[in-house]
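Shown next, in structure tokens, is the structure this report addresses.
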Amino acid sequence: MSRLKEECGVFGIYNNKDAATLTALGLHALQHRGQEACGIVSCDGNNFYSEKRIGLVGDNFTKSKVLEKLPGKFAIGHNRYSTSGNNLIKNIQPFFADLHSGGISVSHNGNLSNARHLRNALVKDGSIFQTTSDTETIVQLIAKSKRTNIINKIIDALFKIQGGYALAILTNKKLIGVRDPYGIRPLVIGKIKNSYVLASETCALDIVGAQFIRHVDNGEIVIITESGLQSLKPFPKLKERPCIFEYIYFSRPDSIINNISVYEYRKKLGAELASEADVKSDLIVPVPDSGVPAAIGYAEKVGKSIELGIIRNHYVGRTFIEPTQKIRSLGVKLKHSINKALVKNKSIILIDDSLVRGTTSVKIIKMLYECGAKKVHLRIASPPIKYPDYYGIDTPSKKELLASRYSLEGMRKFINATTLQFLTIDGLYKAMGFSKRNSSYPQFTDHCFTGDYPVEPIDANRINIKKNKVSLMLSNS
Ligand code: AMP
């Protein structure tokens with residue numbers, strides 16, 4: 001079974017005559033969360049309708065002939081991002097299953113850290129899987145539950161799964177939203193007149209003209225029916241630990257989290273970086289688009305302004321989207337070009353939000369030097385990423401993460417920067433409004449920097465144990 005990690009965006013709408021069209025718009029606003037494929041399932045109260053496509057929402061769901069095939073006042077949708085290259089049409093969400101209790105459709109943002117383990121048990125028990133996605137495990141668990149009503153079946157399944165998840169679930173009478181017990185992945189509730197909306201981020205509410213109501217709490221199930229919104233909290237109460245990466249990179253800058261825009265958070269990260277690691281330079285240049293807010297915050301802090309020393313071509317997808325390293329590096333070149341006249345003979349502070357494999361920095365720094373830059377001081381508005389993610393963000397395995405392979409000086413040499421500094425973990429928490437990281441119960445899910453995984457990555461640990469056993473056997477032989 002190939003392993004799929006998904007970041008993804010979800011959307012759902014209840015009781016609106018334009019349900020499918022508004023879902024397409026919502027998915028369009030969430031396009032940054034996944035660009036490989038998209039899908040919408042609608043329901044007219046009796047029947048379900050499903051349309052799934054490879055590619056962007058705007059290229060697939062704007063044409064009325066597709067939207068006409070999605071009648072009904074209820075709909076959920078999904079943008080998909082996978083990293084394994086296993087971009088099979090059957091893995092495109094929302095998934096649909098005809099259960100004994102009626103039809104059910106599921107959209108999932110996140111990654112289950114015990115999906116493989118659960119799947120093995122389900123398969124042993126006779127389940128027949130149609131896809132390689134961990135989301136199908138959720139559907140299978142719901143189907144297998146012996147409880148009678150659908151909400152209890154869902155709760156049954158939720159008690160078995162672990163990891164990061166935000167779900168939008170549709171039955172013929174209900175729209176259901178769920179966030180994992182730590183609230184690792186985001187989900188918000190909005191309203192357009194009498195229609196409730198669920199979305200991964202507030203930017204999807206804005207596009208459909210929905211008013212933001214509130215976030216779905218960590219560990220909360222919201223059930224939207226004709227009689228309104230009901231909330232259930234079946235899990236033991238935990239403090240929320242949202243994924244820090246939503247703030248650093250993943251969410252759209254105009255989305256609002258806890259009354260503060262992601263843009264503002266990113267500017268604060270940049271300002272904190274400036275207090276920690278400023279250096280004399282001629283220009284402050286962001287890596288567009290991801291480094292722009294942090295660079296603005298940095299420049300404001302040191303009383304300068306940013307300069308667009310790198311120009312981004314918006315007609316290529318995110319660098320990460322390409323499955324192989326070779327194509328990925330080419331992607332960086334296609335995506336960025338240097339403003340030669342500006343950078344020539346200049347000493348530059350180059351700012352990006354994060355450094356993962358180093359692909360972007362290596363290419364951009366090389367291009368800057370080729371265009372005559374004298375010095376390039378790379379400043380990263382988050383700490384070094386040393387640990388992989390298992391809850392739905394695409395970070396590669398440990399051996400591919402630059403910060404886990406090299407020391408700071410090793411990384412600097414690898415990317416050929418004049419100097420290199422990352423924001424410290426304390427600086428990160430300061431920028432997020434805390435005096436420091438609460439080491440006994442961190443305010444965020446920050447394992448990428450700290451290795452502190454709030455939920456045991458069961459699948460990954462078992463694989464590692466197996467691998468270790470094999471290498472042990474090999475070294476003994
Ligand atoms: P890399 O080129 O591998 O060092 O990745 C760093 C670049 O990718 C930065 O410009 C980030 O904005 C961006 N990035 C960081 N995390 C992710 C992610 N999970 N998916 C896609 N891009 C990312």
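Which of the aspartates and glutamates could a cross-linker span from Lys69 if the Cα-Cα distance has to be under 14 Å and same-chain partners fewer than 8 positions apart are dropped? Candidates past the 8-residue exclusion: Asp18, Asp44, Glu51.
Using the Cβ-Cβ distance between Thr419 and Asp217 with R0 set to 45 Å, the FRET efficiency works out to roughly 0.55.
Rounded if a/c is under 1.5, else prolate if a/b beats b/c, else oblate: with a ≥ b ≥ c from the C-alpha gyration tensor eigenvalues square-rooted, which is region 119-248? Note, shape of region 119-248 comes out prolate. Pairs of alpha carbons in region 180-247 separated by more than 17 Å make up 45% of all such pairs. Only the Cβ atoms of Lys and Arg (+1) and of Asp and Glu (-1) were treated as charged; on that basis the dipole of the chain about its Cα centre amounts to roughly 940 debye.
Put simply, when 241-250, 343-352, 105-114, 121-130 are sorted by average Cβ atoms within 10 angstrom per residue, most first, you get 105-114, 241-250, 343-352, 121-130.
For region 7-112, a/c is not less than 1.5, where a ≥ b ≥ c are the root eigenvalues of the C-alpha gyration tensor, and a/b does not top b/c. That puts it in the oblate class. Just need the relative contact order of the chain here, percent rounded to a whole number, with Cα pairs under 8 Å and 6+ apart. About 13 percent, as a whole number.
Projecting the Cα atoms of Phe95, Ile284, Ile13 onto the dipole axis of the chain, where Lys and Arg carry +1 and Asp and Glu carry -1 at the beta carbon, places Ile284 farthest toward the positive end. With a cut-off of 11 Å between beta carbons, the residues surrounding Ser382 carry a summed charge of -2, where Lys and Arg count +1 and Asp and Glu -1.
Shape class for region 9-241, computed from the alpha carbon gyration tensor (a ≥ b ≥ c): rounded, with a/c under 1.5. For the residue pairs Lys153/Lys173; Lys90/Lys144; Lys304/Lys340; Lys239/Lys301; Lys268/Lys398; Lys144/Lys173, the alpha carbons lie more than 26 Å apart in Lys239/Lys301; Lys268/Lys398.
From its DSSP helices (H runs of at least four residues, each -39,500 (n - 2.57)), the chain gives a residue-normalised ellipticity at 222 nm of -9000 deg cm²/dmol. Multiplying the residue separation of Asn339 and Asp18 by 0.36 nm and removing their Cα-Cα distance gives an extension gain of 111.1 nm.
Can you tell me which lysines have their Cα less than 16 Å from the Cα of Lys65? Leave out same-chain residues fewer than eight positions away. Answer for Lys65, where 16 Å is the Cα cut-off: Lys52, listed by chain and number. Site pair Arg53 and Lys65 shows an inter-label distance of 1.2 nm when each label is modelled 7 Å from Cα along Cα→Cβ. In the context of the full set of protein chains, residues of the chain present 42 Å² of accessible surface per residue (probe radius 1.4 Å, heavy atoms only). Tell me the relative contact order for region 266-450 as a rounded percent, counting alpha carbon contacts under 8 Å between residues six or more apart. Averaging sequence separation for qualifying contacts and normalising by length gives 22 percent for region 266-450.
Taking the DSSP bridge list for the chain and keeping only pairs wholly inside it, about 80 percent are antiparallel.
The values are calculated or read from the model by the stated rules, or taken from the named source; none is laboratory data. Please read these numbers as outputs of a predicted model, since none were measured by experiment. With ideal geometry, Cβ positions are generated from the backbone for all residues, glycine too; neighbour counts draw on all protein chains shown. Surface areas here come from the heavy atoms of the whole protein model, side chains and all, with no ligands, DNA or RNA. Shrake-Rupley method; radii C 1.70, N 1.55, O 1.52, S 1.80 Å.
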